[in-house]
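Read the structure below first, then the notes.
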Amino acid sequence: MTNSGASANAERADAARNRAVLIETARDMVADVGVDKITMDALAERSGLGKGTVFRRFGTRAGIFMALLDAGEREFQARVLSGPPPLGPGAEPADRLIAFGPARLRFLRENREIARAALGGRTPVPSGPPAAMTQRHIRMLLAKLAVEAPDAEILAMQLTAALDVPLLLYPEPHAPGRDDGDFEQRLSRGWEDLIRRVIRPGGP
């Protein structure tokens, strides 16, 4: 008589190991050859796993990048929830909110091409769990700051869009004769200015 429970556990463990191998291999390939060169066949060949395994794990090419983005999001969320301050717990809510912007912008910039490939032309703007996590975190910090707003949920949504949308949808502006840092730095300064205006007495 076979132990079906042990067999199922072994299967799940194998699937988890294969997924971890594929995620790490895909990350290495992004660094080595760039997003455009990654295909299901290329990932299977470099990982040493079968093409069928790659299809079962990701389904489509866009699924590879969605999985990469998801893994990166989990790491970013861990830094927000339990990492060192001011991004993580232990700092004043205003300092955490200000620090969140540059950290999120850096994450988005580093993963911009992966995010675009994950969207696969089907979703025009960022949506789903990552944006929802950002919105919840901002909403929580606004509540701790007792920010007076007619609709705090909408304010949190708009602040989320201020971070997620520019790096994904807009080309970086290049103003002639302007030497004030790159787009990410300008967005970070704009975020701090925006937050200080929102949290000042009298509300946004």
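Odds and ends about this structure:
- Kirkwood Rh and Cα Rg combined as Rg over Rh, evaluated for the range 31-70: 0.93
- For the range 56-67, putting each phi into the Karplus relation 6.51 cos²θ - 1.76 cosθ + 1.60 with θ = phi - 60° gives couplings of 5, 6, 10, x, 9, 4, 4, x, 4, 6, 5, 5 Hz, in residue order, rounded to whole numbers and with x for Gly and Pro.
- Label-point gap, in nm, between Gln185 and Asp95 - each point 7 angstrom along Cα→Cβ: 2.4 nm
- Remark: the Ala13-Ala31 segment gains 3.7 nm on full extension, using 0.36 nm per residue and subtracting the alpha carbon distance.
- Sorting the segments 151-164, 70-83 by their mean number of nearby beta carbons within 10 angstrom, highest to lowest, gives 151-164, 70-83.
Bear in mind these aren't lab numbers, they're just calculated from the coordinates by the rules spelled out. The structure presented is a predicted model; accordingly, all values stated were derived computationally and were not measured. In this analysis, Cβ positions are derived from the backbone assuming ideal geometry, glycine residues included, and neighbour counts consider all displayed protein chains.
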